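The values are calculated or read from the model by the stated rules, or taken from the named source; none is laboratory data. Worth saying up front: this structure is predicted, and the values here are computed from it rather than measured. Don't worry about glycine lacking a Cβ; one is built from the backbone with ideal geometry, like all the others, and counts go over all protein chains shown.
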């Protein structure tokens, strides 16, 4: 990224931070957390400890970071090297990202930027200009992406509450600032469990590693009375809804399943997993030393803010997470697809010089689809 | 502190204070080497170890968990304590492991019976107390099941390789896992084994008891035959690793979990970071700086100094990275591929 663009982004970010400290929530037990930040065109600074809000705000003002992170873990010595931090516990965090949902709309709003010649084109596997395969993909997620992610968030909440006994009040859903949601669980029985245990929890939530016996199918002498039913809690109930559809079909479908046998039941489970399993990023949840984007901070991949969603159904990231100002700025834009911010349509722009409000200019520059003119 | 009845001491001898028990009964260890009556207990101890070494569970003289006569009970406890003394005298860790496991399984049988004994609440209480006191797991009886918090279940079940122990294959409701008595007890087998082996390891090593030298020699011989040696017979890579290398060679994207598997596998096989890094050159998002950073991290040469190991086959299955073939031969980790156990 060139100097002028960086200067513009830093100025815009700084203005936002100065005016919106109220949105930047310093996490509970701040002194036990590890913080980290990045500046534009530079590496990660981490292993930072902060006492309180004041120090956090100072970090923002002194460094004008592009991204700010905070650990889900609590440590005795958060600013020591990893091996000496003395890990105490960690909040349980889930990442739901539209890019992991295999949505058919993706190809319509994914852009390929060639690493060799900078050519911008709609989603391709090879640069149309120089044939290079080294492409950077940028996505401008659409409403469908956000809606599909919301469905996964709701699926996740159900499993967390019904199966894992988590209080609704302890679940916080944040828009990640780019293509999905981060779901935080505080004060649960899982605070102190390690990475392996969290990985098991992930498999449970994603409905992975299921064996036929769990849903009543046995290798030898299978028995129809063992199959799950609609009124059962947890995966049994969800399985029934997905596989039997309605109560009247249950008996007939069980007969079919028994006829088809054990190995075909295993295949069925694998298919069912695609539908009823929650699509979370497993690596995020099992990492107990990770630092996560700080709520209230800007995501430099988009210029949108990571923000708490109090009403997920109504939440629209392109209005509710877009906080930068409307001051207009001239940019050279190359964005072959249309996008919407603050209820206004923009683009497509084919290598053209245009005047845009700051929030839209930042969005495009962050996506590497525009530069300051 | 648990107060044990006579029968409980026979069923769970590892809960008894060994030294105190002998003193209470007015015996010293030396007597076991010479006294012909006490020698019966020594023979029983020897039998107990041999059975354990063979991978079996020792069957005691208890009938329905009850000692019919006082001397039967005494011999039960003596033989356990003496077995520990004999194992200490051999100094063989293989015997400690096998004995602790077998004794854990024996206790497991009793715990299971006690838990499943719906008519006798005091037995259920004692069994749940033992599990709580020893392993800090609170088990609550709910109808025919025992329920434990999911987090406690996970702490103990993650070491199991069988799929049925995955949380997804359990009945989970409201933050609790529902288990039958046998699964409840099976869950703590390893801890029970660890508890018993730590008791043996921490017991002071006695000096040789005159009259028992031959028995100790016999046990050492048994133990030596047991120690397995692993020999590598082939340097071939397992199918999961071959697949990962194929994907990279084609310039296709290998997910993070696949890269983790490949790197940790090759590091464990003794390759260096410099040897491994070029493999990732074809990856669509290749960045040498990041690759070296991550490889050094996995190798433990930077960052936390933790060396990461290759994930288990079970884990890889759930990550869609397993491409099992006949040659895998029931291994549980790709690192075991091509190694043959020589007995």
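Can you find a residue in the stretch A:309-324 that is part of a loop (DSSP other than H, G, I, E, B), within 14 Å of chain B (Cβ to nearest Cβ), touching a helix residue (DSSP H, G or I) at 6+ places or on another chain (Cβ under 8 Å) and free of Cβ contacts under 8 Å to residues at least 60 places away in the same chain? No, because not a single residue in the stretch A:309-324 is part of a loop (DSSP other than H, G, I, E, B), within 14 Å of chain B (Cβ to nearest Cβ), touching a helix residue (DSSP H, G or I) at 6+ places or on another chain (Cβ under 8 Å) and free of Cβ contacts under 8 Å to residues at least 60 places away in the same chain.
Within the stretch A:213-228, the only residue that satisfies the criterion of being loosely packed, with under 11 Cβ neighbours inside 10 Å and outside any loop (DSSP other than H, G, I, E, B) is A:225. Here the strands (runs of 3 or more DSSP E) wholly within the stretch A:15-118 that include at least 1 residues being in contact with a helix residue (DSSP H, G or I) (Cβ under 9 Å, 6 or more places away or on another chain), over 19 Å from residue A:366 (Cβ atoms) and modelled with pLDDT of 95 or more are A:35-38, A:44-48, A:67-71, A:73-75, A:87-90, A:92-97.
In the stretch A:274-281 there is at least one residue that is out of contact with any helix residue (DSSP H, G or I) (no Cβ under 7 Å at 6 or more places or on another chain), closer than 30 Å to residue A:204 by Cα and surrounded by fewer than 18 Cβ atoms within 10 Å (Cβ to Cβ).
Only a single item in (1) over 33 Å from the mean Cα position of the chain (by Cα); (2) more than 30 Å from residue B:329 (Cβ to Cβ); (3) more than 14 Å from chain A (Cβ to nearest Cβ) is not met by residue B:218, and it is number (1).
Residues B:86, B:95, B:115, B:111: which one is under 18 Å from residue B:21 (Cβ atoms), in a helix (DSSP H, G or I) and outside the structural domain of residue B:149 (by TED's automatic domain parsing)?
B:86
Of the helices (runs of 4 or more DSSP H) entirely within the stretch B:234-302, those holding at least 1 residues that are within 23 Å of residue A:281 (Cβ to Cβ) occupy B:239-249, B:256-268, B:288-299. Sort out which residues of the stretch A:185-205 are within 21 Å of the chain's Cα centre (by Cα), under 23 Å from residue B:312 (Cα atoms) and more than 8 Å from chain B (Cβ to nearest Cβ), and write them in order of number. Selection gives A:195, A:198, A:202, A:205.
Residues in the stretch B:153-186 that are crowded, with 16+ Cβ neighbours inside 10 Å, in contact (Cβ under 8 Å) with a residue 40 or more places away in the chain and more than 10 Å from chain A (Cβ to nearest Cβ): B:181, B:184, B:185, B:186. Residues in the stretch B:23-43 that are more than 23 Å from residue B:133 (Cβ to Cβ) and either touching a strand residue (DSSP E or B) at 6+ places or on another chain (Cβ under 9 Å) or not in a loop (DSSP other than H, G, I, E, B) (or both): B:23, B:25, B:31, B:32, B:33, B:34, B:39, B:40, B:41, B:42, B:43. The number of residues in the stretch A:132-147 being more than 20 Å from residue A:114 (Cα to Cα) and within 14 Å of chain B (Cβ to nearest Cβ) comes to 0.
Restricting attention to the stretch A:159-184, the residues being assigned to a loop (DSSP other than H, G, I, E, B) and either within 13 Å of another protein chain (Cβ to nearest Cβ) or closer than 28 Å to residue A:86 by Cβ (or both) number 4.
Given the criteria in a helix (DSSP H, G or I) and within 14 Å of another protein chain (Cβ to nearest Cβ), does residue A:150 qualify? Walk me through how you get there before you give the answer.
Values: in a helix (DSSP H, G or I): yes; within 14 Å of another protein chain (Cβ to nearest Cβ): no.
Considered against the rule, which asks whether it is in a helix (DSSP H, G or I) and within 14 Å of another protein chain (Cβ to nearest Cβ), residue A:150 comes out as no.
Quick check, is residue B:336 without any contact (Cβ under 8 Å) to a residue 40 or more places away in the chain and away from chain A (no Cβ under 14 Å)? The answer is yes for residue B:336. When each of A:102, A:91, A:95 is tested for being within 28 Å of residue A:134 (Cβ to Cβ) and surrounded by 15 or more Cβ atoms within 10 Å (Cβ to Cβ), the lone residue that passes is A:95.
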